[in-house]
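Student: One structure follows; several queries about it will come next.
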Amino acid sequence: MPGVARWLTSRLTPAALHDTVSHTVAVSILRPAAAIVVDRLMAAGCVAAAAEADLLIAAAPDDKSLEAWIRRREQGEPLPWIIGTMQFCGRSLRIDPGVYVPRCQSEGLARRAATLLAANGHRAVDLCTGSGAIAAHLIAEVPAATVIGVDIDKRAVQCARRNGAPLRPEVFDIVTAVAPYVPTGQLRLLPADVQRYEPRLALDGGEDGLDLIRRIVVAAAHLLRPGGWLLTELGGEQDRALGPALAVSGFDPATSWFDEDGDLRGLAAQATGGRG
Ligand SMILES: C[S@@+](CC[C@H](N)C(=O)[O-])C[C@H]1O[C@@H](n2cnc3c(N)ncnc32)[C@H](O)[C@@H]1O
């Protein structure tokens with residue numbers, strides 16, 4: 001399955017960090033230890049060492065905490081777990097330890113969903129919401145909307161609530177889902193720190209990666225009004241594999257989207273009845 005090893009790999013790239021870092025640079029130049037922090041993070045294999053050093057230095061309350069945080073990051077612990085926040089769609093999001101770290105690749109799905117929500121009604125549900133990143137973006141972009149987040153993990157639910165995503169049942173215009181979709185056999189290809197720290201529950205999608213997403217398709221068919229939209233993140237060639245399940249559940253043929261490398265990133269499917 002081409003492109004599979006790149007799934008879930010894009011997390012805090014220098015570009016994604018830029019907005020956060022831009023207002024912290026002045027702080028970092030005043031801290032003489034900044035260059036040392038960068039060197040240590042680079043030696044530990046951090047791709048965005050300079051940006052991460054700025055964030056750690058800006059967020060650490062004192063030098064003792066800074067040292068402890070650098071050590072945690074050197075071990076590969078996700079930066080947002082350490083400093084407690086990250087940027088998603090240009091906004092600050094709280095991320096609690098143990099909760100899946102939203103990937104910048106999911107911002108495309110969140111933005112598409114916000115556009116569709118604004119044009120198609122005002123009720124959305126974000127399945128597998130994790131920290132509530134997508135739900136929080138929808139609420140921020142369409143403030144009049146009712147947006148519900150759903151997750152099986154108590155830590156995620158607590159974190160999503162803190163990010164402003166309420167959790168309760170209704171009928172919806174939009175369903176979003178960045179669910180676990182990595183095929184079990186491909187989990188070993190994920191970056192070592194992802195395998196070591198992040199919950200398998202957030203990653204493992206079963207044999208072909210679509211176990212939970214097939215159930216989400218069925219659930220979305222019940223949750224959505226006719227003409228409502230399901231948006232879900234996918235990789236490899238999972239859009240083709242999911243086609244029959246979408247058709248059986250009453251969705252029109254889906255539209256997939258791809259990143260700049262041509263890799264599949266997600267699909268949007270409309271519940272039948274929207275254009276009649
Ligand atoms: C890949 S993470 C995505 C989180 C969030 N949507 C994001 O993009 O940051 C998948 C999430 O699905 C949740 N999850 C796994 N199985 C679930 C299930 N059966 N029902 C609801 N949520 C589930 C996990 O707890 C995890 O938070």
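Student: If the requirement is being more than 11 Å from the ligand (Cβ to nearest atom) and at pLDDT below 95, which of these qualifies: Asp193, Asp151?
Tutor: Values: Asp151 fails: more than 11 Å from the ligand (Cβ to nearest atom).
Going through Asp193, Asp151 in turn, just one is more than 11 Å from the ligand (Cβ to nearest atom) and at pLDDT below 95: Asp193.
Student: Does Arg112 satisfy being in a helix (DSSP H, G or I) and either free of Cβ contacts under 8 Å to residues at least 60 places away in the same chain or assigned by TED's automatic domain parsing to the domain that holds Ala48 (or both)? Please lay out each step first, then the result.
Tutor: Details: in a helix (DSSP H, G or I): yes; either free of Cβ contacts under 8 Å to residues at least 60 places away in the same chain or assigned by TED's automatic domain parsing to the domain that holds Ala48 (or both): no.
No.
Student: Among the residues that make up the range 199-216, is at least one of them under 16 Å from the mean Cα position of the chain (by Cα), surrounded by fewer than 22 Cβ atoms within 10 Å (Cβ to Cβ) and more than 8 Å from the ligand (Cβ to nearest atom)?
Tutor: yes
Student: Something else now. Of the conditions (1) within 11 Å of the ligand (Cβ to nearest atom); (2) under 15 Å from Ile174 (Cβ atoms); (3) modelled with pLDDT of 95 or more, Tyr100 fails just one. Which one is it?
Tutor: (2)
Student: Hey, does the range 66-86 have a residue that's away from the ligand (no atom under 16 Å from the Cβ), in a helix (DSSP H, G or I) and among the aromatic types (Phe, Trp, Tyr)? Steps first, please.
Tutor: Narrowing the range 66-86 to residues away from the ligand (no atom under 16 Å from the Cβ): 66-77, 82-83.
Add one more test, that the residue is in a helix (DSSP H, G or I), and what stays is 66-74, 82-83.
Going one step further and asking which of them are among the aromatic types (Phe, Trp, Tyr), we end up with 69.
Yes - at least one qualifying residue is present in the range 66-86.
Student: Another question, if that's okay. Of the residues that make up the range 117-129, is at least one within 9 Å of the ligand (Cβ to nearest atom), in contact with a Leu (Cβ under 9 Å, 6 or more places away or on another chain) and assigned to a helix (DSSP H, G or I)? Full working, then the answer.
Tutor: Taking the range 117-129 and keeping what is within 9 Å of the ligand (Cβ to nearest atom), we get 126-129.
Next, from what is left, pick out any that are in contact with a Leu (Cβ under 9 Å, 6 or more places away or on another chain): 126-129.
Next, only the ones that are assigned to a helix (DSSP H, G or I) stay: none.
Within the range 117-129 (the criterion being within 9 Å of the ligand (Cβ to nearest atom), in contact with a Leu (Cβ under 9 Å, 6 or more places away or on another chain) and assigned to a helix (DSSP H, G or I)), the answer is no, since none of the residues qualifies.
Student: Within the range 137-187, can you find the residues that are in a loop (DSSP other than H, G, I, E, B) and more than 23 Å from Arg265 (Cβ to Cβ)?
Tutor: Filtering the range 137-187 for residues in a loop (DSSP other than H, G, I, E, B) gives 142-145, 151-153, 163-171, 178-181, 183.
Selection gives Pro143, Ala144, Ala145, Ile152, Asp153, Gly164, Pro166, Leu167, Arg168, Pro169, Glu170, Val171.
Student: Suppose we filter Asp252, Asp239, Asp259, Asp263 for residues that are surrounded by 20 or more Cβ atoms within 10 Å (Cβ to Cβ) and of a type in the set (Asp, Glu); which single one remains? Full working, then the answer.
Tutor: On the way: Asp252 fails: surrounded by 20 or more Cβ atoms within 10 Å (Cβ to Cβ); Asp259 fails: surrounded by 20 or more Cβ atoms within 10 Å (Cβ to Cβ); Asp263 fails: surrounded by 20 or more Cβ atoms within 10 Å (Cβ to Cβ).
Going through Asp252, Asp239, Asp259, Asp263 in turn, the sole match is Asp239.
Student: Only residues that are part of a strand (DSSP E or B) and closer than 21 Å to Arg111 by Cα: list them for the range 226-250, please. Walk me through how you get there before you give the answer.
Tutor: Narrowing the range 226-250 to residues part of a strand (DSSP E or B): 226-233.
Of everything in the range 226-250, those that are part of a strand (DSSP E or B) and closer than 21 Å to Arg111 by Cα turn out to be Gly227, Gly228, Trp229, Leu230, Leu231, Thr232, Glu233.
The values are calculated or read from the model by the stated rules, or taken from the named source; none is laboratory data. Since this is a predicted model, take the numbers as computed values, not measurements. Please note: Cβ atoms are built from the backbone with ideal geometry, for glycine as well, and neighbour counts cover all protein chains shown.
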